[in-house]
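Trainee: I'd like to ask some things about the structure below.
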Amino acid sequence: MTQGPIGCTEVGTEGPDELQASAGAAGPQTFCGLGDNDTIVGSSGGDVLLGGPGDDTLTASSEGGLIDGGDGADVCTQSTPVVEPAQFLNCEG
């Protein structure tokens, strides 16, 4: 992993990355994919998923959170059943 924006719990690289929340992690986590085409999967607890540039695939938990795909053709989804809706920004799907 590389140094990323302040506040990121998990940070990808400028290449394609797969970031996934750890089971049982305490509290919300912030994932920053940085560049290229990333796959990011959040856990329960309202994680923040930031794709950055590239065509990213982002999946929020059923318990809400924030997804920002960034630049590119990003696909954003939420696990079901939805307990609390997630907020989607810069997403195509």
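The values are calculated or read from the model by the stated rules, or taken from the named source; none is laboratory data. Since this is a predicted model, take the numbers as computed values, not measurements. Heads up, the Cβs are rebuilt from the backbone with ideal geometry, glycines too, and the neighbour counts pull from every protein chain shown.
Trainee: Which residue pairs have Cβ atoms closer than 9 Å, lie 6 or more positions apart in sequence or on different chains, and pair a first residue in the stretch 21-34 that is surrounded by 20 or more Cβ atoms within 10 Å (Cβ to Cβ) with a second residue that is small (G, A, S) and part of a strand (DSSP E or B)?
Mentor: A21/S61
Trainee: List the strands (runs of 3 or more DSSP E) that sit entirely inside the stretch 1-79 and contain at least 3 residues that are modelled with pLDDT of 95 or more, in contact with a Phe, Trp or Tyr (Cβ under 6 Å, 6 or more places away or on another chain) and of a type in the set (F, W, Y). Working first, answer last.
Mentor: Numbers: elements: 18-20, 30-32, 39-41, 48-50, 57-60, 66-68, 75-78.
In the stretch 1-79, there are no strands (runs of 3 or more DSSP E) which contain 3 or more residues that are modelled with pLDDT of 95 or more, in contact with a Phe, Trp or Tyr (Cβ under 6 Å, 6 or more places away or on another chain) and of a type in the set (F, W, Y).
Trainee: So how many residues does the stretch 80-93 have that are in a strand (DSSP E or B) and at pLDDT below 90? Outline the logic, then answer.
Mentor: Here is the first cut: in the stretch 80-93, the ones in a strand (DSSP E or B) are 84, 87-89.
Going one step further and asking which of them are at pLDDT below 90, we end up with 84.
Residues meeting the conditions: 1.
Trainee: Here is a further query. Could you check the stretch 19-35 and list, in sequence order, the residues that are of a type outside the set (S, T, Y) and within 10 Å of the chain's Cα centre (by Cα)? Write out each step before concluding.
Mentor: Start the filter on the stretch 19-35 by keeping residues that are of a type outside the set (S, T, Y), which leaves 19-21, 23-29, 31-35.
L19, Q20, A21, Q29, F31, C32, G33 - these are the residues of the stretch 19-35 that are of a type outside the set (S, T, Y) and within 10 Å of the chain's Cα centre (by Cα).
Trainee: Given the residues D47, D55, D68, D38, which is the only one that is free of Cβ contacts under 8 Å to residues at least 24 places away in the same chain and either crowded, with 19+ Cβ neighbours inside 10 Å or under 11 Å from the mean Cα position of the chain (by Cα) (or both)? Full working, then the answer.
Mentor: Values: D47 fails: free of Cβ contacts under 8 Å to residues at least 24 places away in the same chain; D55 fails: either crowded, with 19+ Cβ neighbours inside 10 Å or under 11 Å from the mean Cα position of the chain (by Cα) (or both); D38 fails: free of Cβ contacts under 8 Å to residues at least 24 places away in the same chain.
Of D47, D55, D68, D38, the one residue that is free of Cβ contacts under 8 Å to residues at least 24 places away in the same chain and either crowded, with 19+ Cβ neighbours inside 10 Å or under 11 Å from the mean Cα position of the chain (by Cα) (or both) is D68.
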